[in-house]
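The values are calculated or read from the model by the stated rules, or taken from the named source; none is laboratory data. The structure displayed is predicted, hence computed values, not measured ones. As a convention, Cβ positions derive from the backbone with ideal geometry for all residues, glycine included, and neighbour counts pool all protein chains shown.
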Amino acid sequence: MRIEDTFFFRKRIVPDRLEPFGFVRDGDHWRYEEDFLDGDFRAEITVDKGGVSGRVIDLQAGEEYLPVHYEERIGAFVGTVRLAYTDILTKIADACCEDELFIFPQTNRIASEILAKYGEKPDHPFSTAPTYGVFRCAKNRKWYGLVMDIPKKLVTGEKDANDIVEVINIKIGEEAYSDVTARPGIYDAYHMKKKNWASVILDGTVPDDYLMELIDKSREFALSSGGKGKNVGAWIVPANPAYYDIDGAFAENEEIFWKQGRGIKEGDTAFVYLAAPASEVRYRCLVTETDIPYVYTDENVSMKSVMKIKLLERYPEGRYSMARLRELGIKFIRGPVPATEAFIEAVKRDKG
């Protein structure tokens, strides 16, 4: 990535702000020059349809000073020149740009159209992927679109397609799936359930009007699912303290993200079981939201969606040990398991 790209990433040039800053128009280009470091160097900045580019001229040598553009070139002198040049880029970005939500122009157009039509802005719930944006129905908080910036090959399957693209995952439904994914620019969903979801590359291949039709339909699916199928139940979900400090997480926040458990629905109760060395149920939580898109994989866990759980009660150590759980009909906890009636009754009795 060019040094200029770093400072103008997710920013949009506002043409009306260029001339007041000091840019001079030259046909389809805008140019700006500024001497720095006591007149020994000159920054030459160009704004055109391709974005922002720049050169640093060593005025004493009468030639371009190239080391400023190469991160591997280090040292006190080149560092001083690079810092002074980036100060100029920062001033231009602050004065002449507006922040953009996303990278691609089509992504930002679609985000603006969704806002105008439904009054819904994307949120960014993933700490491990802060650039991902989730569009949700304001009425029930169900999501209907997930924007991700990922290597193109993850969607198209092309081995050498390493360039980064933005895609939006939307729900298509099984009946329309084959017809929709047969169109250029639309693929089997990345990291989502196939035959229901599709990934659309937001490079303009799919026209805005048709894409909005697909988004409208995905939103209808989200609205129709809200409030349906709520079968409030109780579950025991495992947590491995070797991989995640849930005690620390609840000490900081009463509501946290957790790996989605099959069959668990909003409104259910989740009793969190800490694996060895604790080997006991430690927390009672309320499931406040489910089916939140989340892309994460490491050597210990792989997640395609998460839920939110809110802490309701912390149990004393040893109250619901594995030995007692076995007495209450719970033999193994390798994944989320329904809480037995005996366990539920025991919890009610213990509460008194």
Residues in segment 1-37 that are at pLDDT 90 or above, loosely packed, with under 13 Cβ neighbours inside 10 Å and basic (Lys, Arg): how many? 1
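Considering only segment 99-117, I want to know if a residue exists there that is outside any helix (DSSP H, G or I) and farther than 21 Å from ILE164 by Cα.
Residues of segment 99-117 that are outside any helix (DSSP H, G or I), as a first pass: 99-104.
Checking the rest, the ones that are also farther than 21 Å from ILE164 by Cα come to none.
Checking segment 99-117: not a single residue is outside any helix (DSSP H, G or I) and farther than 21 Å from ILE164 by Cα.
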Across segment 19-53, what is the number of residues that are touching an Asp or Glu at 6+ places or on another chain (Cβ under 8 Å), without any contact (Cβ under 8 Å) to a residue 24 or more places away in the chain and under 21 Å from ARG2 (Cα atoms)? 8
Picking from ASP149, ASP94, ASP160, which residue would you name as being of a type in the set (D, E, K, R) and in a strand (DSSP E or B)? ASP149
Name the single residue that is surrounded by the fewest Cβ atoms within 10 Å (Cβ to Cβ) among those in segment 121-153 being over 16 Å from the mean Cα position of the chain (by Cα) and modelled with pLDDT of 90 or more. LYS153
Within segment 245-278, residues within 17 Å of ILE333 (Cα to Cα) and assigned to a loop (DSSP other than H, G, I, E, B) come out as GLN260, GLY261, ARG262, GLY263, ILE264, ALA275, ALA276, PRO277, ALA278
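In segment 168-202, which residues are in contact with an Asp or Glu (Cβ under 8 Å, 6 or more places away or on another chain) and either surrounded by 22 or more Cβ atoms within 10 Å (Cβ to Cβ) or not polar (S, T, N, Q) (or both)?
From segment 168-202, those in contact with an Asp or Glu (Cβ under 8 Å, 6 or more places away or on another chain) are 181, 185, 194-196, 198-199, 201-202; that's our starting set.
Of everything in segment 168-202, those that are in contact with an Asp or Glu (Cβ under 8 Å, 6 or more places away or on another chain) and either surrounded by 22 or more Cβ atoms within 10 Å (Cβ to Cβ) or not polar (S, T, N, Q) (or both) turn out to be GLY185, LYS194, LYS195, ALA198, SER199, ILE201, LEU202.
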Scanning segment 38-68 residue by residue, those surrounded by 14 or more Cβ atoms within 10 Å (Cβ to Cβ), assigned to a loop (DSSP other than H, G, I, E, B) and either out of contact with any strand residue (DSSP E or B) (no Cβ under 9 Å at 6 or more places or on another chain) or hydroxyl-bearing (Ser, Thr, Tyr) (or both) turn out to be TYR65
Pull out all pairs, ordered by first then second residue, where Cβ-Cβ is under 6 Å, the residues are six or more apart or on different chains, the first lies in segment 137-163 and is more than 30 Å from GLY267 (Cα to Cα), and the second is of a type in the set (S, T, N, Q) and surrounded by 20 or more Cβ atoms within 10 Å (Cβ to Cβ). VAL155/SER199
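State which residue is modelled with the lowest pLDDT when the search covers only segment 38-54 and only residues that are charged (D, E, K, R) and within 34 Å of the chain's Cα centre (by Cα).
Let us first name the residues in segment 38-54 that are charged (D, E, K, R), namely 38, 40, 42, 44, 48-49.
With within 34 Å of the chain's Cα centre (by Cα) added as a condition, the list becomes 48-49.
On the way: ASP48: 92, LYS49: 84.
If we take residues in segment 38-54 being charged (D, E, K, R) and within 34 Å of the chain's Cα centre (by Cα), then LYS49 is modelled with the lowest pLDDT.
Looking at this structure, is SER178 polar (S, T, N, Q) and in contact with a helix residue (DSSP H, G or I) (Cβ under 9 Å, 6 or more places away or on another chain)? Even if it seems obvious, please write down each step before you answer.
Details: polar (S, T, N, Q): yes; in contact with a helix residue (DSSP H, G or I) (Cβ under 9 Å, 6 or more places away or on another chain): no.
No: the conditions fail for SER178.
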Do you know which residues across segment 279-289 are surrounded by fewer than 19 Cβ atoms within 10 Å (Cβ to Cβ) and in a strand (DSSP E or B)? LEU286, THR288
Scan (1) at pLDDT 90 or above; (2) more than 24 Å from the chain's Cα centre (by Cα) for the single condition GLY267 breaks and write down its number. (1)
